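Before any comments, here is the structure.
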Amino acid sequence: MFEVQISNPTLTGCFDKDDSTLNEAIQTIFAFGTEQAFFNWNHVYIPLDYKYDISEMINDILLIRDNLTNQEEGSFQVQWKSNTFPYSWNIIFSQNTVKINLTIMFEEFTHLACVLQKNANIQVEKNAFIHELEKLINFIREKLTCSGYDTTNLPEMDCLNFHRPTNSSNRL
């Protein structure tokens, strides 16, 4: 089981014209110590801070979404960049299924790490997994837009848009 739980984090109300990356803009708009997002991983809830975790993870989340959307099958690894989410995902996917093996990148003796080690593997329906990632991506896009960001002042925002691949067999 995999699910993304969106919460209601406090926004700073700030816009920084010097932000040039999604990471910077996300850190600008979300307040520190506010409500968190969660990955529900086999009924284990992993807390993710919007300001520091999601901002560091957004490019990898987009990479996962794009790989799963643009290829029928394959495999790849994501080593999450967030200091508080020290995990690596080995992802294998087919036309209908995504299998992920979570590994801890360094020895961590927290209760969460121990529980995750016992529940390290998930297998989910591919479209459902993409849908869960899209919930978070859409939420981030909405909050960036509400804070004054767009593709003119932050060109990377275009990456948040879902670009469905063209199927050559459907062309006229």
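FYI, it's all coordinate maths here, none of it is from the lab. Fair warning: this is a prediction, and the values are worked out from it, not measured in the lab. Cβ placement follows ideal geometry from the backbone for every residue including glycine, while neighbour counts extend to all protein chains displayed.
Below, the figures for the structure above:
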{"item": "Separation of the ASN42 and CYS146 label points, Cα + 7 Å toward Cβ, nm", "result": "3.5"}
{"item": "Label-point separation, CYS14 to GLN71 (7 Å along Cα→Cβ), nm", "result": "3.8"}
{"item": "Pairs of Lys in the chain closer than 26 Å at Cα, counting only those 8 or more apart or on different chains", "result": "17"}
{"item": "Residues MET57, MET1 arranged by fewest to most Cβ contacts within 10 Å", "result": "MET1, MET57"}
{"item": "Gyration tensor verdict on the stretch 1-92 (Cα atoms; rounded if a/c is under 1.5, prolate if a/b is larger than b/c, oblate otherwise)", "result": "oblate"}
{"item": "The chain - mean residue ellipticity at 222 nm from DSSP helices (-39,500 (n - 2.57) per run, n ≥ 4, rounded to 500)", "result": "-10000 deg cm²/dmol"}
{"item": "Chymotrypsin sites (Phe, Trp or Tyr not before Pro) lying in DSSP loop within the stretch 9-40, provided at most 14 other Cβ fall within 10 Å", "result": "PHE32"}
{"item": "Rounded if a/c under 1.5, otherwise prolate or oblate - the stretch 2-161, Cα gyration tensor axes", "result": "oblate"}
